[in-house]
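Everything on this sheet refers to the single structure shown next.
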Amino acid sequence: MPPETPKGKKRATAAVESESSPRSAKKARRTEHVDEEVFEADVVEEVVTRHTPKKRTPKSKLKGTAAPASIDNGEDLAGSPRKTPKRKSKVPAVDESKANGVEAHNDAEEAETPAKVKRKRKTKEEKEAEMLPFAPRTVGSKLLLGAHVSAAGGVQNAVLNSVQIGGNAFALFLKSQRKWENPPLQESQCSAFRSSCTEHAYMGAKAGATPPIVPHGSYLVNLAHPDDGRVAQAYASYLDDLARCHRLGIQLYNIHPGNAGASASRAAALARLAAQLNRAHGDPSTGSVVTLLETMAAAGNTLGGTFEDLAAVIGGVRAQARVGVCLDTCHVFAAGYDVRGRERLAAVLDEFDRVVGLRFLRAIHLNDSKAPLGSARDLHANIGTGFLGLRAFHAIVNEERLWGVPMVLETPIEVKDASGKEVQDKGIWAGEIKLLESLVGMDVESEEFKALESGLWEKGRSERERVQKQVDKKEEKDKKVKDGKGNGRKKVTKSENGITVKDLFAKAKGKLERDNTSAGKGNVKDKRKNGVKDEDVESQNATYTQLAMLSDEEVLRDDHESLEH
């Protein structure tokens, strides 16, 4: 019987055995911690499993695959350079299924986050169900009612979106309204749009009739801006939209008039706007598309808040047949024009006819207002729930002078679903269209009307009260500022040199009246003789211009800021 091998000599003994057996050599080099009772074939399997590059198991095969019970969860199975500690326990044979289990365990550890769930594509039946009409279109109605519908996926989709809500008119965006760069309109889209409009009688129903389609322009465009670079960008976007309208067979196009904040005067801004319209009308790509100027809610530097603004622009347009107005009910109400009731509406329309001309009224945006009369706040509400109330819309749909004019809803349709997520409910528009159509000929003293009126009024009560508090708070704040009591401001009666801001305003106003050409530039030569630098002259002229643009109330309200400027 050979003598027992001393401890520490096993490595040497294994080396001697390796001279006659390659498998034994691998066994000796790789499995010092393995007991001699382990089969050599199993040891080779262990070596291959641990030291050959592993092929990743597809994630689809990971589900339901468990790691071998003998594998310690703390062991590094991903080929880390960290040295694996030796085991003192025996290692059982590792078969192929367990080897795959090691890889599966490894991949599962590395992919703890679940794979991205792919959205299930809607079937043809589901898509058709979504496009089922909420209400049928009214044939032969005196009113051309509709809404500003989505054109997602292509302008041609807007037609069916309008049909779905029972609209006999509609508005849309021809491209993204919040960015300058947009992909060009494809001829296939134009063809599909025209074909769908003809099929659903939005075009070609009456010879020579204007299609009741009123696209809305980009919110970024300000054609009244005095900066050449900015107005060039705005004009390019505007011209592109007119060309798109012409290719689609659309004859009306609505824009916001713009802002006079950077201009020397309001009159100059309005004149620049008219000049850009004339320029576009001379481009053959625009065909005979009519540009509509929308009435605006805000005062101050915003153009279009008064009928006089619109008349000034129209007066400067050479091709009068290619310019018109889109009257927004929420905007004019917020701007101070009261249309609540047939008599008040008639008075407003008479004023519009006198200042602008009713022949220029080519479209209407139907919106109630969350804000009260004259608040200068553009907050749309659903029909009958705002400060305008149902009686105002009863007057509008029963006003014969407005029959045949496209009337487009821009009321909110956002609601929350069962999970609390905000979604759009186009059925709201369908219901409002039917409501407005039902008001034609209805007696405002009837129980039917009174029930509708009181129900909608109550529905919007909380929102009206919320906005009313905001308006009251602002008015109170403005009153304190005007009186010199608010925001820590002290009322300034005299500046350090004894001149009030009011005096500066009067001086600037008188100076501009004496020199209408360039806001004080006629005195440049005289000031140069006195040693005044050009930049000082330009700065002073700019100050006079800014002061002249302010109203008396704005001067008093912003006395400190004006003095600093």
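Just a few scattered comments:
- The label-point distance for SER285 and ALA271, in a model that sets each label 7 Å from Cα toward Cβ, rounds to 2.9 nm.
- Per the Debye calculation on the stretch 143-459 with a single equal scatterer at every Cα and no solvent contribution, log₁₀ I(q)/I(0) for q = 0.12 Å⁻¹ amounts to -0.81.
- Within the stretch 395-427, backbone nitrogen closer than 11 Å to the virtual label 7 Å beyond the Cα of ASP338 toward Cβ: none
- Between LYS477 and LYS421, residue separation times 0.36 nm minus the direct Cα-Cα distance comes to 16.5 nm.
- Computed from the alpha carbon atoms alone, the convex hull of the stretch 302-371 holds 87 Å³ per residue.
- Loop-located chymotrypsin sites (Phe, Trp or Tyr not before Pro) in the stretch 366-463, at most 15 other Cβ atoms within 10 Å (DSSP): TRP403
- Within the stretch 143-459, antiparallel bridges make up roughly 20 percent of the DSSP beta bridges whose residues both belong there.
- Alpha-carbon radius of gyration plus Dmax, which is the widest Cα pair, for the stretch 315-412 in Å: 13.2, 41
- Projecting the Cα atoms of LEU390, SER288, ALA376 onto the charge dipole of the stretch 267-397 (Cβ charges, centred on the Cα centre) puts SER288 farthest toward the positive pole.
- Along its three principal directions, the equivalent ellipsoid of the stretch 324-477 from the Cα gyration tensor extends over semi-axes of 25, 20, 16 Å, largest first.
- Each semi-axis of the equivalent ellipsoid for the stretch 345-398 is √(5λ) with λ an eigenvalue of the Cα gyration tensor; in descending order they amount to 21, 13, 10 Å.
- Translational diffusion of the stretch 229-328 was estimated from the Stokes-Einstein equation, with Rh taken as the Kirkwood radius over Cα pairs; at 10 °C and 1.306 mPa s the coefficient is 117 µm²/s.
- Take the Kirkwood radius over Cα pairs of the stretch 202-272, plug it into Stokes-Einstein at 10 °C and 1.306 mPa s, and you get 117 µm²/s for translational diffusion.
- With bins 10 Å wide beginning at 0, the percent of Cα pairs of the stretch 155-297 falling in each bin runs 11, 40, 32, 14, 3, 0.
- Per-residue Cβ neighbour rank within 10 angstrom, fewest leading, LYS459, LYS426: LYS459, LYS426
- Ranking of CYS197, CYS190 by neighbouring Cβ atoms within 10 Å, starting from the fewest: CYS190, CYS197.
Computed from the coordinates by the stated procedures, all read-outs in this text should not be read as laboratory data. Because the structure is a prediction, the values reported are computed rather than measured. As a convention, Cβ positions derive from the backbone with ideal geometry for all residues, glycine included, and neighbour counts pool all protein chains shown.
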